[in-house]
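A short worksheet on the structure shown next.
The values are calculated or read from the model by the stated rules, or taken from the named source; none is laboratory data. Quick caveat: nothing in here was measured; it's all calculated off a predicted structure. Every residue, glycine among them, receives a Cβ derived from its backbone with ideal geometry; neighbour counts consider all protein chains shown. Remember, those area values only see protein heavy atoms, side chains included, never the ligands or the DNA or RNA. Shrake-Rupley method; radii C 1.70, N 1.55, O 1.52, S 1.80 Å.
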Amino acid sequence: MKLNSIGILNKEQWEGKGFKLPKFNREEVKKRTLEAPTWIHFGAGNLFRAFTAAAQNKLLNEGKADKGIIVAEGYDYELIEKVYAPFDDLSLLVTLKPDGNIEKEVIGSIVKSIAADSSNEKSWSELKNIFKAPSLQMVSFTITEKGYSVTDGSGNPLEIVVNDIKNGIEKPNYFIGKLTALCYERFINGAAPIALVSMDNCSHNGTKLYEAVSYYAKKWVANGFVEKSFLDYIDNPSKVSFPWSMIDKITPRPDAYVQETLEKDGFEDSEIIITDKNSYSASFVNAEEPQYLVIEDSFPNGRPNIDEAGIIFTDRETVDKVERMKVCTCLNPLHTALAIYGCLLEHTSIASEMKDDLLKTLVEKMAYDEAIKVVTDPKILNPSEFIKEVIEVRFPNPFLPDTPQRIATDTSQKMAIRFGETIKAYNENEELDVTDLKLIPLVIAGWCRYLMGINDSGNTFNLSSDPRLDYLKKHIEGITLGYNGDISTHLKPILSDEIFMGINLYEVNLGERVEGYFKEMIKESGAIKTTLKKYLEI
């Protein structure tokens, strides 16, 4: 079975193997979408295909929508070339259930894919025309948290940003520059309203997006490339809104077991693709079943009716509470803890870690004994039930091929939100004592231990990619198992840095505790397990 517009016409063959097919006329949907687009998404990765594209597909199947989504990729153009174009923009969603059953559904809601390459005149012209369209209601994004950064870790503008600011709006190279230039195209062609909706897994994502776009707009105004009125347009929420959102769905890299299963069903287009920019993709995307997307209902030009597919729209305050619940307490900190210690204890899947009594106890106690005391209750989701689902259903799912090595990516960008916010909440709560925290500092110490690149058996391992890895490794350099030197000189620059931790740990009397845990974990091979057993009281 070939995944393309012609291949899926053989419905009996596909459905006979348990595949669900689109129930709508894709050509008609495509025609309506391109004539008057309402939704374009940037970030052609796995999460988009597994979640929001699938939600729109559901509406199309049910006759509740008549338009699809245009997707653009501004970083890794190979995704368009190798993952979208060969399959006529179709993709296969494989939902992995904890009982071992899988659901296979062909997603047909994506009607066009474009490389957001300003040097490609055809693609760039297509994007400009889409942004000119008064019908366009929503531009959404899954470009990862670092995609919104216009400065480096020291607060200096990235070189690529400096060049964009100097060269103007015609052919920017950085994604945020491209987006700002496209917004300017909309501005000079009627200034119709638009919602720019970050769906990335980071705190106050709409504000991060606004600050990045506004940065470009201000600089281009100052350099005379655009009018001051364009900045006013960006700053006016009734014209350009930047809603906050919270998204949650685990979508690991395409898995070899899933690939093999599909091949046994006669699915031919199962090749796993690794691009030159190290994106892992395929014509299929494997994902867990649970999913949550909560979006601030701020859409000055109307919005797609994806609430009818389970997406929740609410006010900014509630989005913030849901996001804080998930990112600061109920999921992300637990995920990062498993990522760090999974790498150190040589686990290769999150599910296998949940069979390790030490690590299962770590995340349970961290969630129920420490984090839950300062959890933000959003009311629309129950924090305790959310944690229970995470620990008992989602993380232990043996059919979800997620790895600690993947989750450990960009950890330096996550520590402040995933742990620093809880520490600050304890410090600011008169009824709590921040020095009662034992397990969160234990995870922070584990991260420092992870940065040595030596596992608990004493063997070296490859650290996951991280934009500040070189800087961090310089501070850890020279520490080996059995090291008896002054640990503080190595760790203090990290633990006192509010960029990393969100708070100076020494000012809340936790810096020394982290140092102490770290010292215990570098005594010898096996010291990490010994330290965990000691403080988890196992």
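Summary of computed values
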| item | result |
| --- | --- |
| Qualifying residue in the stretch 235-243 (condition: open to solvent by less than 30 Å² (accessible area, probe 1.4 Å), touching a residue at least 60 places away in the same chain (Cβ under 8 Å) and outside any helix (DSSP H, G or I)) | yes |
| Residue list for the stretch 144-167, restricted to those being under 21 Å from the mean Cα position of the chain (by Cα), open to solvent by less than 60 Å² (accessible area, probe 1.4 Å) and not aromatic (Phe, Trp, Tyr) | Glu145, Gly147, Ser149, Val150, Thr151, Gly153 |
| Only one of Lys23, Lys31 that is closer than 27 Å to Ile194 by Cα, of a type in the set (Lys, Arg) and surrounded by fewer than 18 Cβ atoms within 10 Å (Cβ to Cβ) | Lys31 |
| Residue among Lys30, Lys64, Lys58 that alone is under 29 Å from the mean Cα position of the chain (by Cα), over 21 Å from Leu127 (Cα atoms) and in a helix (DSSP H, G or I) | Lys58 |
| Residue, surrounded by the most Cβ atoms within 10 Å (Cβ to Cβ), within the stretch 81-106, restricted to residues that are in a strand (DSSP E or B) and under 21 Å from the mean Cα position of the chain (by Cα) | Ser91 |
| Hey, Ala337 of a type outside the set (Val, Ile, Thr), out of contact with any strand residue (DSSP E or B) (no Cβ under 9 Å at 6 or more places or on another chain), buried (at least 23 other Cβ atoms within 10 Å of the Cβ) and closer than 25 Å to Trp244 by Cβ or not | no |
| Neighbours by Cβ (under 6 Å, 6+ apart or cross-chain): first from the stretch 455-474, without any contact (Cβ under 8 Å) to a residue 12 or more places away in the chain; second open to solvent by less than 80 Å² (accessible area, probe 1.4 Å) | Thr460/Gly453; Thr460/Ile454 |
| Scan of the stretch 204-230 for residues that are surrounded by 20 or more Cβ atoms within 10 Å (Cβ to Cβ) and either hydroxyl-bearing (Ser, Thr, Tyr) or farther than 30 Å from Ile250 by Cβ (or both), ordered by number | Tyr210, Tyr216, Ala217, Lys219, Trp220, Val226, Phe230 |
| Selection count where residues are under 22 Å from Ile372 (Cβ atoms) and part of a loop (DSSP other than H, G, I, E, B), scope the stretch 433-459 | 3 |
| Leading residue by the ranking (nearest to Pro193 (Cα to Cα)) among those in the stretch 129-140 that are open to solvent by 50 Å² or more (accessible area, probe 1.4 Å) and assigned to a helix (DSSP H, G or I) | Lys132 |
| Residue tally, condition charged (D, E, K, R) and open to solvent by less than 10 Å² (accessible area, probe 1.4 Å), over the stretch 408-455 | 1 |
| Pair list, Cβ under 6 Å, 6 or more apart: the stretch 133-157 residue of a type in the set (Asp, Glu), other residue open to solvent by 40 Å² or more (accessible area, probe 1.4 Å) and not in a loop (DSSP other than H, G, I, E, B) | Glu145/Gln413 |
| All positions within the stretch 295-318 that are open to solvent by 40 Å² or more (accessible area, probe 1.4 Å), more than 16 Å from Ser135 (Cα to Cα) and not in a strand (DSSP E or B) | Asp297, Asp307, Glu308, Gly310, Asp315, Arg316, Glu317 |
| The one condition in (1) open to solvent by 80 Å² or more (accessible area, probe 1.4 Å); (2) of a type outside the set (A, V, I, L, M); (3) out of contact with any helix residue (DSSP H, G or I) (no Cβ under 8 Å at 6 or more places or on another chain); (4) on the phi < 0 side of the Ramachandran plot that Glu537 fails to fulfil | (4) |
